[in-house]
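K.L.:
One structure, pasted below without further comment.
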Amino acid sequence: MLNIYLNDCGIICALGASHAQVKARLYAGETGVAATSRWSSGRELPLGAVQAELPSVAHLPPHQRSRNNALVLAALAQIRPAVEAAIARYGTQRVGVVLGTSTSGIGETELAVGRHAAVGSLPVDFHYAMQEMGSPAEMLAQELGLCGPAYVHSSACSSSAKAIASAARLIRMGLCDAVITGGADSLCSFTVAGFAALESVSPEQCNPMSANRRGINIGEGAALFLMTAEADSAPVALLGWGESSDGHHMSAPDPAGEGARLAMTQALQRAGLQPSQIDYVNMHGTATPQNDAMESKVIAGLFGCEVPVSSTKPFTGHTLGAAAAIEAALCWLAMQDDNPQGRLPPHLWDGAADGALPALNLAPVGATLGRPLRRVLSSSFAFGGSNAVLVLGRSA
């Protein structure tokens, strides 16, 4: 069976717009979440907004000019030399694009509707296709002149994990030699209002696993990987993935966590690993009462309470369709050669343990393994019961 490698990574999120910025703030325990009323109609909420200047989208066709696509271009810029080299090597028909998103260009539609309400007409450059879910993949394929498969998964918070799994299948089926995969999501009032209506939005920084947790902070960002079947000099491999569906409730997880457990078990089996061989678990960790209760029990039951775990959402906000890709990127960064002591993505919270939950080993700021990080598992659980889990590993 072909090995699958994530040979380069681009990331932009509330922590920064480069590997160095993201790592520095992550390991220092410095959140990127901050209060703003930009997307909440005068009500300040803590959100994980990207502060970096984004690339221009003026060169794109009007229907592709969205903040979401600008985030994709920002992530692409970090890996573009490696992508261009792959295209030159394999050819435009053998390189694919598989991304995840849940917002696409809905923010641009909001602005257009607001203008219509104010002056009675839509902007002349507005196009309905801005908000189509396929837009990021279409844009990226056209930007790079690619002719291979190009499509988007949109299954809420599992979107980009499912995209990464789909990209791996394209390579294993022989349909592609390389795939640009990951995900992007951009902040918009529609999303913020929707989660607020579900009473899932916290008025303060999210507090996963705490007795005082009150919900999520929504964020935005993008992460892209160059995936191939050939390793570079410091390879991180996609060892396995698992996917399942609860069929339990539209917006609540199965309290027993059977679907989550199945996805984790599938990912471990595909990777050929036992739970004891995982060095670190990146939790979905939304800080909602139901998610944290379900997930912590599944982790304790499968891995025990010794393996280091953390939720990185207090750093980035919950980036929805991009969350799995961004969290995989944080794991990817932690597995590079410049982290010989195995510094772990820390868990930011108030320290008030919920006695009803298992006492997991939540990694504090400064936590290390004392050796390189070799194998990690990252979980994503979405509305509608869509579960997706990734296992990444280093062979050297």
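Taken together, the values in this text are just the output of simple stated rules run on the coordinates, not laboratory data. Bear in mind the structure is a predicted one, so any value in this text is a computation, not a measurement. Cβ: placed from backbone, ideal geometry, glycine included. Neighbour counts: every protein chain shown.
K.L.:
Please list, by residue number, every one of the GluC sites (Glu not before Pro) in region 41-115 that is coil in DSSP and has at most 10 other beta-carbon atoms within 10 Å.
P.N.:
Listed in order of number, the matching sites are GLU53.
K.L.:
When the C-alpha atoms of region 237-317 are aligned to their principal axes, what extent does each axis show, in angstrom, from largest down?
P.N.:
32, 29, 23
K.L.:
Right, something else. Per the helix-only calculation at 222 nm, which mean residue ellipticity applies to the chain, given -39500 (n - 2.57) for every DSSP H run of n ≥ 4 and division by its residues, nearest 500 deg cm²/dmol?
P.N.:
-10000 deg cm²/dmol
K.L.:
If we count other beta carbons within 10 Å of each Cβ, what is the order of CYS157, CYS13, CYS305, fewest first?
P.N.:
CYS305, CYS157, CYS13
K.L.:
Per-residue HN-Hα couplings for region 92-105, Karplus 6.51 cos²θ - 1.76 cosθ + 1.60 at θ = phi - 60°, whole Hz, x for Gly and Pro?
P.N.:
Working through the residues one at a time gives 5, 7, 9, 10, x, 9, 9, 10, x, 7, 10, 9, 6, x Hz.
K.L.:
What do you get for trypsin sites (Lys or Arg not before Pro) in region 25-58 restricted to DSSP loop and a cutoff of at most 14 other Cβ within 10 Å of the site's Cβ? Each step should come with its number before you reach the end.
P.N.:
Details: sites: ARG25, ARG38, ARG43; in loops: ARG38, ARG43.
Loop-located and lightly packed - ARG38, ARG43.
K.L.:
Quantify how much of the Cα-Cα distance distribution of the chain extends past 37 Å, in percent.
P.N.:
Values: 11546 of 78210 pairs.
For the chain, the fraction of Cα-Cα distances above 37 Å is 15 percent.
K.L.:
Now for a separate question. List the GluC sites (Glu not before Pro) within region 261-369 that fall in a DSSP loop (any state other than H, G, I, E or B) and whose Cβ has at most 13 other Cβ atoms within 10 Å. Please list the in-between numbers first.
P.N.:
On the way: sites: GLU295, GLU306, GLU327; in loops: GLU306.
Taking region 261-369 and a limit of 13 other Cβ atoms within 10 Å, the loop GluC sites (Glu not before Pro) found are GLU306.
K.L.:
Sticking with this one: Modelled label-to-label distance, GLN51 and ALA129, 7 Å Cα→beta-carbon offset: nm?
P.N.:
3.7 nm
K.L.:
Let me ask something else about it. At ALA35 and GLU110, where each label point lies 7 Å from the Cα along Cα→Cβ, what is the point-to-point distance in nanometres?
P.N.:
2.0 nm
K.L.:
For a bin width of 5 Å, list the pair-distance distribution of region 243-396 built from all Cα-Cα distances, rounded to whole %.
P.N.:
For region 243-396, the pair-distance distribution reads 2, 10, 20, 24, 22, 15, 6, 2, 0.
K.L.:
I'd like the Karplus ³J(HN,Hα) series for region 113-124: coefficients 6.51, -1.76, 1.60, θ = phi - 60°, whole numbers in Hz, and an x wherever there's a Gly or Pro.
P.N.:
Going residue by residue, I get 5, x, 5, 4, 5, 7, 10, x, 8, 7, x, 5 Hz, with x marking Gly and Pro.
K.L.:
Could you line up LEU187, LEU224 from fewest to most neighbouring Cβ atoms inside 10 Å?
P.N.:
LEU187, LEU224
K.L.:
What is the extension gain from LEU2 to TYR90, computed as 0.36 nm multiplied by their sequence separation minus the C-alpha to C-alpha distance, in nm to one decimal? Can you show the working numbers first?
P.N.:
Details: separation 88, 0.36 × 88 = 31.68 nm, distance 1.68 nm.
Extra length available between LEU2 and TYR90 comes to 30.0 nm.
K.L.:
To the nearest 20 Debye, how big is the dipole of the chain about its Cα centre, given +1 on the beta carbon of each Lys and Arg and -1 on that of each Asp and Glu?
P.N.:
420 debye
K.L.:
Still on this structure: List TYR280, TYR5, TYR128, TYR151 from most exposed to least, where exposure is judged by having the fewest other Cβ atoms within 10 Å.
P.N.:
Fewest-to-most ranking of TYR280, TYR5, TYR128, TYR151: TYR128, TYR151, TYR5, TYR280.
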